[in-house]
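What follows is one structure encoded as structure tokens, with my remarks underneath.
Every read-out reported here was derived from the displayed coordinates using simple, explicitly stated rules and does not represent laboratory data. Every value quoted in this text rests on a predicted model; they were computed, and no experiment measured them. Cβ: placed from backbone, ideal geometry, glycine included. Neighbour counts: every protein chain shown.
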Amino acid sequence: MSIDRATVAKIASLARIKMTDEELDRMSPELSQILDWVEQLGEVDTSEVEPMTAVIPNKLRLRDDVVDADPLTGGGKRDDVLANAPAAEHGFFGVPKVIE
């Protein structure tokens, strides 16, 4: 794909980048080469490649969702915490309706 000087000037204007005439002339072939490379990537058959989110395999380190009943370490204090709530409903903090 060939990008002319006018297209480079328009891209620079949209990006609010001030470029000299020499810079516009230099960027035209560079952007053309970049777009040719991107087109080349589009020709690669990736139908058998699974999508991935990272280069290395990541596994989430999960733990069991268990309530600690020991009052010294933080569990079992729901009633004490809700005693400070302005409005407690069904064992949870009551909040005003936001969406009507």
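Brief remarks on what is shown
- The range 23-54, residues that are more than 18 Å from Asp4 (Cβ to Cβ) and among the polar types (S, T, N, Q): Gln40, Thr46, Ser47, Thr53
- Wholly enclosed helices (runs of 4 or more DSSP H) of the chain bearing at least 1 residues within 31 Å of the chain's Cα centre (by Cα): 5-14, 21-42
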